[in-house]
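The values are calculated or read from the model by the stated rules, or taken from the named source; none is laboratory data. These numbers were taken from a predicted model, which means no experiment stands behind them. Here the Cβ positions follow ideal geometry from the backbone for every residue, glycine too, while neighbour counts run over all protein chains shown. Surface areas here come from the heavy atoms of the whole protein model, side chains and all, with no ligands, DNA or RNA. Shrake-Rupley method; radii C 1.70, N 1.55, O 1.52, S 1.80 Å.
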Amino acid sequence: FRGHGDSDRAASYAVTDYVDDICDLIHEHIPGQVALYGHSLGAMTVAGVAARLGHHVSAIVMEDPPLQTMGTRISSTPLLSYFTGVSRFAGSTLDVGVLARQLGDVTFHDPDSGTEQRIGSTRDDAQLRFAASCLKRLDPAVFGPILQSQWLLDYNVDEVFSSLKCASLLLQADHGAGGMLTEADASHLCELNANIVRVRFAGVSH
(Lines give C-alpha, C1' and ligand atoms only; values in the text may rest on other atoms or scores of the structure.)
Protein backbone atom coordinates (compact mmCIF):
# COMPACT_ATOMS: atom_id res chain seq x y z
CA PHE A 1 0.00 0.00 0.00
CA ARG A 2 0.99 3.63 -0.49
CA GLY A 3 2.99 4.97 2.44
CA HIS A 4 3.78 1.47 3.70
CA GLY A 5 7.12 -0.33 3.42
CA ASP A 6 9.08 0.72 0.33
CA SER A 7 6.05 2.04 -1.56
CA ASP A 8 5.91 5.67 -2.63
CA ARG A 9 4.65 8.25 -0.15
CA ALA A 10 1.47 10.11 -1.08
CA ALA A 11 -0.53 13.22 -0.32
CA SER A 12 -3.62 11.38 0.92
CA TYR A 13 -4.30 8.21 2.89
CA ALA A 14 -8.06 7.67 3.01
CA VAL A 15 -9.43 4.17 2.36
CA THR A 16 -10.62 5.28 -1.08
CA ASP A 17 -7.02 6.11 -2.02
CA TYR A 18 -5.98 2.51 -1.41
CA VAL A 19 -8.99 1.35 -3.45
CA ASP A 20 -7.86 3.57 -6.34
CA ASP A 21 -4.36 2.10 -6.20
CA ILE A 22 -5.49 -1.53 -6.27
CA CYS A 23 -7.95 -0.88 -9.09
CA ASP A 24 -5.11 0.69 -11.10
CA LEU A 25 -2.85 -2.26 -10.30
CA ILE A 26 -5.45 -4.77 -11.52
CA HIS A 27 -6.21 -2.82 -14.70
CA GLU A 28 -2.51 -2.55 -15.56
CA HIS A 29 -1.30 -6.03 -14.68
CA ILE A 30 -4.16 -8.57 -14.40
CA PRO A 31 -6.16 -9.13 -17.60
CA GLY A 32 -8.52 -11.80 -16.24
CA GLN A 33 -10.60 -12.24 -13.14
CA VAL A 34 -8.99 -11.85 -9.74
CA ALA A 35 -9.78 -13.10 -6.24
CA LEU A 36 -8.80 -10.75 -3.42
CA TYR A 37 -8.01 -11.31 0.26
CA GLY A 38 -7.57 -8.47 2.71
CA HIS A 39 -7.19 -7.98 6.47
CA SER A 40 -8.34 -4.86 8.33
CA LEU A 41 -7.66 -1.90 5.99
CA GLY A 42 -7.09 -4.54 3.32
CA ALA A 43 -10.58 -5.92 3.93
CA MET A 44 -12.10 -2.48 3.42
CA THR A 45 -10.01 -2.06 0.30
CA VAL A 46 -10.91 -5.36 -1.39
CA ALA A 47 -14.60 -4.65 -0.78
CA GLY A 48 -14.24 -1.24 -2.42
CA VAL A 49 -12.34 -2.74 -5.35
CA ALA A 50 -14.93 -5.50 -5.88
CA ALA A 51 -17.78 -2.99 -5.74
CA ARG A 52 -16.07 -0.82 -8.36
CA LEU A 53 -14.80 -3.52 -10.74
CA GLY A 54 -17.85 -5.78 -10.64
CA HIS A 55 -17.42 -9.10 -12.44
CA HIS A 56 -13.69 -8.53 -12.92
CA VAL A 57 -13.45 -9.76 -9.30
CA SER A 58 -14.46 -13.40 -8.84
CA ALA A 59 -14.37 -13.55 -5.04
CA ILE A 60 -13.20 -11.65 -1.97
CA VAL A 61 -12.25 -12.60 1.57
CA MET A 62 -12.61 -9.79 4.12
CA GLU A 63 -10.86 -10.40 7.43
CA ASP A 64 -12.28 -8.24 10.25
CA PRO A 65 -12.89 -4.94 8.42
CA PRO A 66 -13.01 -2.16 11.05
CA LEU A 67 -15.74 -0.09 9.34
CA GLN A 68 -16.89 2.71 11.69
CA THR A 69 -14.78 1.36 14.58
CA MET A 70 -11.98 3.28 12.86
CA GLY A 71 -14.35 5.85 11.39
CA THR A 72 -16.99 7.87 13.20
CA ARG A 73 -16.79 5.77 16.39
CA ILE A 74 -13.01 5.81 16.86
CA SER A 75 -13.09 8.37 19.69
CA SER A 76 -15.27 6.03 21.76
CA THR A 77 -12.76 3.16 21.45
CA PRO A 78 -9.21 2.59 22.73
CA LEU A 79 -8.00 2.89 19.13
CA LEU A 80 -7.79 6.69 19.08
CA SER A 81 -5.47 6.69 22.08
CA TYR A 82 -3.54 3.69 20.72
CA PHE A 83 -2.92 5.19 17.27
CA THR A 84 -2.03 8.55 18.80
CA GLY A 85 0.58 6.79 20.92
CA VAL A 86 2.17 4.74 18.16
CA SER A 87 2.01 7.44 15.48
CA ARG A 88 5.11 9.17 16.86
CA PHE A 89 7.17 6.10 15.96
CA ALA A 90 6.24 6.12 12.26
CA GLY A 91 9.34 6.62 10.14
CA SER A 92 11.62 6.24 13.17
CA THR A 93 15.36 5.75 12.64
CA LEU A 94 15.77 3.90 15.95
CA ASP A 95 17.07 0.35 16.01
CA VAL A 96 14.22 -2.17 15.88
CA GLY A 97 15.04 -3.56 19.34
CA VAL A 98 15.12 -0.10 20.93
CA LEU A 99 11.95 0.93 19.17
CA ALA A 100 10.19 -2.28 20.23
CA ARG A 101 11.00 -1.60 23.90
CA GLN A 102 9.76 1.98 23.67
CA LEU A 103 6.65 0.85 21.84
CA GLY A 104 5.92 -1.67 24.59
CA ASP A 105 5.97 1.15 27.18
CA VAL A 106 3.33 3.22 25.36
CA THR A 107 0.03 3.36 27.23
CA PHE A 108 -3.40 3.76 25.72
CA HIS A 109 -6.75 4.67 27.26
CA ASP A 110 -10.03 2.76 27.08
CA PRO A 111 -12.82 5.38 27.29
CA ASP A 112 -15.41 2.70 28.00
CA SER A 113 -13.75 1.22 31.08
CA GLY A 114 -11.65 4.26 32.01
CA THR A 115 -8.54 2.07 32.27
CA GLU A 116 -4.98 2.56 30.99
CA GLN A 117 -2.98 -0.27 29.46
CA ARG A 118 0.59 -0.77 28.24
CA ILE A 119 0.97 -2.00 24.68
CA GLY A 120 3.60 -4.38 26.04
CA SER A 121 0.93 -6.12 28.12
CA THR A 122 -1.04 -6.94 24.96
CA ARG A 123 1.84 -8.04 22.68
CA ASP A 124 4.71 -10.49 23.10
CA ASP A 125 8.30 -9.57 22.21
CA ALA A 126 8.08 -10.97 18.68
CA GLN A 127 4.89 -9.01 17.96
CA LEU A 128 6.45 -5.82 19.30
CA ARG A 129 9.52 -6.26 17.09
CA PHE A 130 7.33 -6.90 14.05
CA ALA A 131 5.22 -3.79 14.81
CA ALA A 132 8.40 -1.76 15.30
CA SER A 133 9.85 -2.92 11.98
CA CYS A 134 6.62 -1.96 10.20
CA LEU A 135 6.42 1.44 11.88
CA LYS A 136 9.98 2.28 10.82
CA ARG A 137 8.86 1.93 7.19
CA LEU A 138 5.55 3.78 7.52
CA ASP A 139 4.85 7.35 6.41
CA PRO A 140 3.70 9.27 9.54
CA ALA A 141 1.02 10.92 7.39
CA VAL A 142 -0.79 7.56 7.16
CA PHE A 143 -2.15 8.23 10.65
CA GLY A 144 -3.57 11.66 9.75
CA PRO A 145 -7.01 10.68 8.41
CA ILE A 146 -7.37 8.00 11.11
CA LEU A 147 -6.75 10.40 13.99
CA GLN A 148 -8.95 13.07 12.36
CA SER A 149 -11.85 10.64 11.77
CA GLN A 150 -11.44 11.21 8.01
CA TRP A 151 -10.34 7.67 7.15
CA LEU A 152 -13.67 6.76 5.51
CA LEU A 153 -14.05 10.02 3.60
CA ASP A 154 -16.00 9.25 0.37
CA TYR A 155 -16.16 5.54 1.32
CA ASN A 156 -19.89 4.86 1.58
CA VAL A 157 -20.15 1.57 3.47
CA ASP A 158 -23.75 0.86 2.44
CA GLU A 159 -23.02 1.57 -1.23
CA VAL A 160 -19.85 -0.51 -1.27
CA PHE A 161 -21.23 -3.61 0.41
CA SER A 162 -24.63 -3.59 -1.28
CA SER A 163 -22.83 -3.43 -4.66
CA LEU A 164 -20.81 -6.64 -4.20
CA LYS A 165 -21.65 -9.10 -6.98
CA CYS A 166 -19.04 -11.78 -6.25
CA ALA A 167 -18.81 -14.45 -3.58
CA SER A 168 -17.87 -12.49 -0.45
CA LEU A 169 -16.56 -14.18 2.69
CA LEU A 170 -16.61 -12.08 5.85
CA LEU A 171 -14.34 -13.31 8.67
CA GLN A 172 -15.43 -11.76 11.97
CA ALA A 173 -13.04 -11.67 14.93
CA ASP A 174 -14.40 -11.62 18.48
CA HIS A 175 -15.09 -7.99 19.39
CA GLY A 176 -14.78 -8.83 23.09
CA ALA A 177 -11.31 -10.26 22.48
CA GLY A 178 -10.02 -7.29 20.46
CA GLY A 179 -11.82 -7.69 17.15
CA MET A 180 -12.70 -4.48 15.32
CA LEU A 181 -15.85 -5.52 13.48
CA THR A 182 -18.83 -5.17 15.81
CA GLU A 183 -21.74 -7.60 15.80
CA ALA A 184 -24.09 -4.82 14.71
CA ASP A 185 -21.88 -3.79 11.80
CA ALA A 186 -21.38 -7.39 10.66
CA SER A 187 -25.11 -8.08 10.77
CA HIS A 188 -25.80 -4.92 8.83
CA LEU A 189 -23.42 -5.96 6.06
CA CYS A 190 -25.13 -9.33 5.76
CA GLU A 191 -28.51 -7.60 5.56
CA LEU A 192 -27.21 -5.38 2.77
CA ASN A 193 -26.13 -8.21 0.49
CA ALA A 194 -27.03 -11.90 0.28
CA ASN A 195 -23.64 -12.62 -1.38
CA ILE A 196 -21.90 -12.01 1.95
CA VAL A 197 -21.26 -15.14 4.02
CA ARG A 198 -20.11 -14.53 7.59
CA VAL A 199 -17.91 -16.79 9.72
CA ARG A 200 -17.37 -15.86 13.38
CA PHE A 201 -14.16 -16.68 15.29
CA ALA A 202 -14.82 -16.84 19.03
CA GLY A 203 -11.95 -15.71 21.23
CA VAL A 204 -9.90 -14.45 18.27
CA SER A 205 -8.55 -10.89 18.19
CA HIS A 206 -8.15 -8.60 15.20
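Over the chain, with the other protein chains present, what is the accessible area per residue in square angstrom, probe 1.4 angstrom?
With all protein chains present, the chain gives 50 Å² per residue.
Under a 5 Å amide H cut-off, with hydrogens placed 1.01 Å from N, Leu153 pairs with Val15 among residues at least 5 apart or on other chains. Couplings 3J(HN,Hα) of segment 54-69, computed from phi: x, 6, 5, 9, 7, 6, 9, 10, 10, 9, 6, x, x, 6, 6, 4 Hz, in residue order, whole Hz [Karplus 6.51 cos²θ - 1.76 cosθ + 1.60, θ = phi - 60°; x for Gly and Pro]. Cα centroid separation, segment 28-98 to segment 147-206: 12 Å. When the helices of the chain are scored as -39500 (n - 2.57) per DSSP H run of n ≥ 4 and the total is divided over every residue, the value at 222 nm lands at -11000 deg cm²/dmol. I want the local charge near Pro78. Using Cβ-Cβ distances under 9 Å, sum +1 for each Lys or Arg and -1 for each Asp or Glu among the other residues. Here the charged neighbours net out to -2. With a ≥ b ≥ c the root eigenvalues of the C-alpha gyration tensor of segment 132-206, is it rounded (a/c under 1.5), prolate (a/b larger than b/c) or oblate? Verdict is oblate for segment 132-206. Across the accessible surface of the chain, with the other protein chains kept in place and a 1.4 Å probe, carbon and sulfur atoms take up 53 percent. Helix screen, the chain: DSSP H segments with Cα axial length of 20 Å or more and mean Kyte-Doolittle hydropathy at least -1.0 are 15-29.
Dividing the mean sequence gap of close Cα pairs (under 8 Å, 6+ apart) by how many residues segment 70-206 holds gives a relative contact order of 22 percent.
Taking the empirical scaling 2.2 N^0.38 Å for compact globular proteins as reference, the chain has a Cα radius of gyration ratio of 1.04. If you sort Thr84, Thr122, Thr45, Thr72 by accessible surface, 1.4 Å probe, largest first, the order is Thr72, Thr84, Thr122, Thr45. Comparing Ala11, Ile26, Pro78 along the charge dipole axis of the chain, the residue lying farthest to the positive side is Pro78, per the Cβ-charge model.
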